[in-house]
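> Below: one structure in structure tokens.
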Amino acid sequence: MFAPPRSLYVHVPFCRSKCAYCDFASAPLAEAPEGLAAALVDATLHRIDELVARFGPASGGFSTVYVGGGTPTVLPRPLFARLLEGLARRVVSPCEWTVEANPESLDREALAIMRGVGVSRISLGVQSLDDALLRDLSRPASAAVTEAALALAVEAGFSVSADLIAGLPRAGGLAGEAAWLLDRGVCHLSVYDLILEEGTPLSARAARGELALLSEDEALAERMRLESLLIARGFRRYEVSNYAPPEAESLHNLAYWRMDSYLGAGPGAVSTLVQGEVPGASLRLEEMRDPESYLRACSGEIANPATETPIAPRDAVFEALMMGYRTVFGPDHAAFRARFGCTPPELLPRSLAAWSSRLVPAASWPGARASWPGARPPVPRSADERALDGRGLDLLNRFLLDCLAELEERSPSCG
Amino acid sequence: MRDPAFIRNFCIIAHIDHGKSTLADRFIEKARVVDSRKMQDQMLDNMDIERERGITIKSQAVALEYEAKDGKTYTLNLVDTPGHVDFSYEVSRAISACEGALLLIDATQGVEAQTLSNMYMALEHDLEIIPVINKIDMPAADIAETRRQIEHELGLDPEGALLVSGKLGTGVDELFEAIVERIPAPRHKAEDPLQALIFDSHYDPYRGVIVHLRVFGGSIVPGQRIRLMNSGAEYEVEETGKFRITLAKTEGLGPGEVGYIIAGIKTVSDVRVGDTVTDAARPAASALPGFKEVKPVVFSSIYPMDAADYDELKEGLEKLKLNDASLVYEKDNSVALGFGFRCGFLGLLHLEVVQERLEREYDQAIIMTAPSVRYRIKLTSGETIFIDNPADYPGPSRIEAAEEPYIKAQIITPLAYIGNLNTLCFDKRGTLVSQNHLDERRVELIFEMPLAEVLFDFYDKLKSTSRGYASFDYEVIGYRPTKLAKLDILINDKPVDALAQLVYEPNAYERARKTCERLQGAIPRQQFKIPIQGAIGSKIIARETINPVRKDVLAKCYGGDITRKRKLLEKQKEGKKRMKMVGDVELPQEAFLAVLRENEENER
């Protein structure tokens, strides 16, 4: 059938309050009907069993688990424990288990529950340390709250990643905030350019001209300062928006960027199963976004909780390129050949030639931590494996548009 | 055939937007030509663009049967006239097909430039004029003031003005009676030799060319051999009929009647508006007066966005030409854009209409080059040439003298804007010929100025300078000496022929600066820095730079985002098809438009 999934994503569609820029499948827990969260936890665990029964892996063999949202830590502690303990029973010692948390909902009790079941990594939604900016984005935390939560998590022995939002002016500057976080034990950073998603309060404010955004050139200058700081601290930009020292990358996210099979459970979560019976084709399942409908679907009251979409080989190839070229590792030629019968240089001679000045030898896969599908001995990649350099990553869309045009001119198969 | 005593031929003349088409709709409705339930707004304007923009481009006609208070039934032939300056010749022909005119004035706007010029045109043709005050239902309607303007500015009797709301149908019955009572019946006789005036024609895909005409003397019947007196061509009449929204066949058309003929004519360009139809065997002694060949005054090249669509563009133009005799074109080619067509238009609106029809009705993605007038150049060799295409510019050393077409521009404006409008027209190289106070608040300004100046930034500035109050009309009056230069535009150090312009030399710096600025605003950032330069010969006179794009990447892309992000990129790729590669640079369609149009946001 499909290549068995080795990564599991679990979506918790609740948060304390909706942020001004957010268009995720998430709603304030306080507004949810009583009992909904508890029922959803049970339904989601049940749904994992269904998906695993259908697609694998056998005997709980997930390498990575990621519990995201929303804000998983907003769940009342007994419910939070029920979710994590339920997951622990279904997953046998993954090599990376991440839980997303926001500073205001991270406390000793939550940390103890996570410790108890084997969570190894916390992804902390910091976004900024400028209190005025946080208020502006309707974030409930402050720099002081963040500092306290971070200290607790580091003290409890978790590997902590922090999210920052770029593109908005802030008191300490982006590099200043990053230095502050690294000084307090953060070992992985995700820095996202603000995306004004349609329909969010923030995009409405921007449309009215009420939002001060950094210009393209100012944003670049901010990022240059950030990157020189991070390089000095031993970090590298290993993906468009992610920075870590080698071997501290997020293995779970690497599974997406490698386009390995993965499962997603919970409202709005997505699964992708690659390498199906049709050579090169994939299958994508998108779970219903509305929590109440999802509950009814999981209990069998209404039909299938997920929309299933076959991904034709042509689209699957492009997805593998779109994801693979996001990283300094580039697409994995061995996996690419196994899946599509060819390698990117065979498929895209023209685009790769046109972008040759922005392509560099692909970095070695993080290999020190064993037992995840991408693990390889830390030896150099094959000579023709390439990834985009920093400027190339910044212009990824343009590169991909060239690839897309070239793919369209070819016959559907690799030949 | 109808007794001429029971025929009334009339047209409605008005400034643009004064509600002519709406009133025509009410006429048709009242006359029960069509059931009101089936009524489509602006019945007479059957082209999409006309309906959408609310303007009439091609004139049409309709015959209404009306039972008057005297108990007799009259045939009222409404000849619809185009409402824009570009088509003033067509207006004049439609007017001369009538004995009377309804002079429509918007009660919220009052008398404007075309109200005056159209009235003069109607007076020249001895038409009985009935002033009609329209839009009386509007809160801003000022009937007393409009009456006063009719008396003082038009010199007509305000007592005779009728009050109408085309929208609600108020006053339409009274208007019908006035048409019967006040507009004279045709005076021509059936025994005279045939003289019929062609005032329009259109192409029907099933029946060929339908010629719209007004019979003066004589009559016209199927089987008759006819001659077009100015072109000399002869045809045999296959069918005659009247305009009843659809074409209604008749046994013939007698003196004074308005109708159509079908005579095996292949294309509308074989028929000239203003030509006289006569009997080939018993021709009239002379043609009806006023014929002239309409010549294009504005020129621009049209290229397909995708060079592979050349044949489709050609087909689209051919189809347009079937219905638009005034459109002329020939093959053209550009280094930057490949094969296309050099087209001639009656004016800027005509150009825009053709552009929109190509894009909408024929689904063509096109690029148009900056419009140009036609220059008359005396070469040092003694030869005289006409050029409208920058590609044909002979170079300064071969030019002995150059001339460009001038217009007489008529502007009517409230007093408050005179200063600013004078400044605008002086900037556009205009000379004030006269300034006539129409009353204590409004002034008519007559300027002579180069037509080329009207093509670039004029209309929008006229409107913004006068807060929309000034109205404008013009006619071409002839050639005057000029200093001509060719402005080249270089993108990434390479001249782009499709962006070159013929300009008045002393204005070249200003024009180059503006063009570069606008291009900078319209061309998206690319992977490298792009200089944009304006040059006369080898001398660079303006420069802008487009900085390279800093970042073009989706910040977040995880397991749940893949489908959406893939589709986003696929959509962007489709958008790229509206980009033209010129050298290494991708130019969007808007870059070519930016050269043509005023866009305040792009200005410094």
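The values are calculated or read from the model by the stated rules, or taken from the named source; none is laboratory data. Just so you know, these numbers come straight off a predicted model, no measurement behind them. Every residue, glycine as well, gets a Cβ built from its backbone with ideal geometry; the counts of neighbours run over all protein chains shown. Note: accessible area is taken over every heavy atom of the protein model, side chains too, but ligands, DNA and RNA are not part of it. Shrake-Rupley method; radii C 1.70, N 1.55, O 1.52, S 1.80 Å.
> Kindly state which strands (runs of 3 or more DSSP E) lie completely within the range B:313-421 and contain at least 1 residues that are open to solvent by 20 Å² or more (accessible area, probe 1.4 Å).
Details: elements: B:328-334, B:338-345, B:366-368, B:375-379, B:384-387, B:399-414.
Result: B:328-334, B:338-345, B:375-379, B:384-387, B:399-414.
Conditions (1) among the acidic types (Asp, Glu); (2) touching a Gly at 6+ places or on another chain (Cβ under 8 Å); (3) not in a helix (DSSP H, G or I); (4) not assigned by TED's automatic domain parsing to the domain that holds A:Ser105, marked per residue:
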| position | (1), (2), (3), (4) |
| --- | --- |
| A:Val145 | no, no, no, no |
| A:Leu150 | no, yes, no, no |
| A:Gly157 | no, no, yes, no |
| A:Leu164 | no, no, yes, no |
| A:Leu182 | no, no, no, no |
| A:Val186 | no, no, yes, no |
| A:Leu189 | no, no, yes, no |
| A:Tyr192 | no, no, yes, no |
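Every residue, every condition in (1) more than 27 Å from B:Leu462 (Cα to Cα); (2) open to solvent by 50 Å² or more (accessible area, probe 1.4 Å); (3) away from chain A (no Cβ under 14 Å); (4) modelled with pLDDT of 85 or more, yes or no:
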site: B:Cys516; (1), (2), (3), (4): no, no, yes, yes
site: B:Lys551; (1), (2), (3), (4): yes, yes, no, yes
site: B:Tyr558; (1), (2), (3), (4): yes, no, no, yes
site: B:Lys577; (1), (2), (3), (4): yes, yes, no, no
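> Take the residues of the range B:463-480 that are within 21 Å of B:Asn118 (Cα to Cα) and in contact with a helix residue (DSSP H, G or I) (Cβ under 9 Å, 6 or more places away or on another chain): which is surrounded by the fewest Cβ atoms within 10 Å (Cβ to Cβ)?
Applying the filter and picking the extreme gives B:Glu475.
> If you check B:Gly217, B:Gly241, B:Gly232, B:Gly223, which single one turns out to be outside the structural domain of B:Phe27 (by TED's automatic domain parsing), at pLDDT 95 or above and not hydrophobic (A, V, I, L, M, F, W, C)? First the steps, then the outcome.
Details: B:Gly217 fails: at pLDDT 95 or above; B:Gly241 fails: at pLDDT 95 or above; B:Gly232 fails: at pLDDT 95 or above.
So the residue among B:Gly217, B:Gly241, B:Gly232, B:Gly223 that is outside the structural domain of B:Phe27 (by TED's automatic domain parsing), at pLDDT 95 or above and not hydrophobic (A, V, I, L, M, F, W, C) is B:Gly223.
> Identify, from the list B:Leu438, B:Leu432, the residue that is more than 27 Å from B:Phe299 (Cβ to Cβ), of a type outside the set (Ser, Thr, Tyr) and touching an Asp or Glu at 6+ places or on another chain (Cβ under 8 Å).
Working: B:Leu432 fails: touching an Asp or Glu at 6+ places or on another chain (Cβ under 8 Å).
Matching residue, one of B:Leu438, B:Leu432: B:Leu438.
> Same structure, new question: Only residues that are in contact (Cβ under 8 Å) with a residue 24 or more places away in the chain, out of contact with any strand residue (DSSP E or B) (no Cβ under 7 Å at 6 or more places or on another chain) and part of a loop (DSSP other than H, G, I, E, B): list them for the range B:136-153, please.
Of the residues in the range B:136-153, the ones in contact (Cβ under 8 Å) with a residue 24 or more places away in the chain are B:136-138, B:140-143, B:145-146, B:148-150, B:152-153.
Checking which are out of contact with any strand residue (DSSP E or B) (no Cβ under 7 Å at 6 or more places or on another chain) leaves us with B:138, B:140-142, B:145, B:148-149, B:152-153.
Across the range B:136-153, the qualifying residues are B:Met138, B:Ala140, B:Ala141, B:Asp142, B:Glu153.
> In addition: Is it the case that the range B:242-262 has a residue that's without any contact (Cβ under 8 Å) to a residue 40 or more places away in the chain, outside any strand (DSSP E or B) and more than 28 Å from the chain's Cα centre (by Cα)?
No, every residue in the range B:242-262 fails to be without any contact (Cβ under 8 Å) to a residue 40 or more places away in the chain, outside any strand (DSSP E or B) and more than 28 Å from the chain's Cα centre (by Cα).
> Sticking with this one: So, B:Ile133, is that one at negative phi, in a helix (DSSP H, G or I) and open to solvent by less than 10 Å² (accessible area, probe 1.4 Å) or not? Reasoning before the result, please.
Details: at negative phi: yes; in a helix (DSSP H, G or I): no; open to solvent by less than 10 Å² (accessible area, probe 1.4 Å): yes.
No: the conditions fail for B:Ile133.
> Now for a different question. Residues of the range A:287-313 being open to solvent by 70 Å² or more (accessible area, probe 1.4 Å), under 30 Å from A:Cys403 (Cα atoms) and within 11 Å of chain B (Cβ to nearest Cβ), which ones?
First, pick out the residues of the range A:287-313 that are open to solvent by 70 Å² or more (accessible area, probe 1.4 Å): A:289-290, A:292, A:296, A:299, A:301, A:303-304, A:307, A:310.
The next check asks that each one be under 30 Å from A:Cys403 (Cα atoms); those that pass are A:307, A:310.
Of everything in the range A:287-313, just one residue is open to solvent by 70 Å² or more (accessible area, probe 1.4 Å), under 30 Å from A:Cys403 (Cα atoms) and within 11 Å of chain B (Cβ to nearest Cβ), namely A:Thr307.
> In addition: Looking at (1) touching a helix residue (DSSP H, G or I) at 6+ places or on another chain (Cβ under 8 Å); (2) open to solvent by 10 Å² or more (accessible area, probe 1.4 Å); (3) under 30 Å from A:Glu247 (Cα atoms), find the lone condition where A:Arg82 falls short.
(3)
> Still on this structure, please answer the following. Given the criterion under 29 Å from the mean Cα position of the chain (by Cα), among the small types (Gly, Ala, Ser) and assigned to a strand (DSSP E or B), identify the matching residue among B:Ser231, B:Ser201. Before you say what the answer is, go through the steps one by one.
Numbers: B:Ser231 fails: assigned to a strand (DSSP E or B).
Sole residue among the options that is under 29 Å from the mean Cα position of the chain (by Cα), among the small types (Gly, Ala, Ser) and assigned to a strand (DSSP E or B): B:Ser201.
> Name the single residue that is most open to solvent (accessible area, probe 1.4 Å) among those in the range A:209-220 being within 11 Å of chain B (Cβ to nearest Cβ) and acidic (Asp, Glu). Walk me through how you get there before you give the answer.
First pass over the range A:209-220, keeping only residues within 11 Å of chain B (Cβ to nearest Cβ): A:214-220.
Keeping just the survivors that are acidic (Asp, Glu) gives A:216-218.
Numbers: A:Glu216: 75, A:Asp217: 61, A:Glu218: 97 Å².
My answer is A:Glu218.
> Regarding the range A:221-228, can at least one residue be identified that is within 14 Å of chain B (Cβ to nearest Cβ), touching a Phe, Trp or Tyr at 6+ places or on another chain (Cβ under 6 Å) and either surrounded by 24 or more Cβ atoms within 10 Å (Cβ to Cβ) or not in a strand (DSSP E or B) (or both)? First the steps, then the outcome.
Step one: of the range A:221-228, the residues within 14 Å of chain B (Cβ to nearest Cβ) are A:221-224, A:226-227.
Restricting the remaining residues to those that are touching a Phe, Trp or Tyr at 6+ places or on another chain (Cβ under 6 Å) gives none.
Checking the range A:221-228: not a single residue is within 14 Å of chain B (Cβ to nearest Cβ), touching a Phe, Trp or Tyr at 6+ places or on another chain (Cβ under 6 Å) and either surrounded by 24 or more Cβ atoms within 10 Å (Cβ to Cβ) or not in a strand (DSSP E or B) (or both).
> Ok, one more. For B:Asp493, which of the numbered conditions (1) touching a residue at least 60 places away in the same chain (Cβ under 8 Å); (2) over 26 Å from the mean Cα position of the chain (by Cα) fails to hold?
So B:Asp493 meets the others, but not (1).
> Quick one: A:Ala269 ticks every box in (1) more than 20 Å from A:Glu100 (Cα to Cα); (2) in contact with a Phe, Trp or Tyr (Cβ under 9 Å, 6 or more places away or on another chain) bar one, so which box is it?
Only one criterion in (1) more than 20 Å from A:Glu100 (Cα to Cα); (2) in contact with a Phe, Trp or Tyr (Cβ under 9 Å, 6 or more places away or on another chain) is unmet by A:Ala269, namely (1).
> When you go through (1) more than 11 Å from chain B (Cβ to nearest Cβ); (2) over 25 Å from A:Ala58 (Cβ atoms) one by one for A:Val278, which number turns out not to apply?
For A:Val278, the failing item is (2).
> So A:Pro246 ticks every box in (1) away from chain B (no Cβ under 13 Å); (2) at pLDDT 95 or above; (3) under 21 Å from A:Arg386 (Cβ atoms) but one. Which box is left unticked?
It is condition (2) that A:Pro246 fails.
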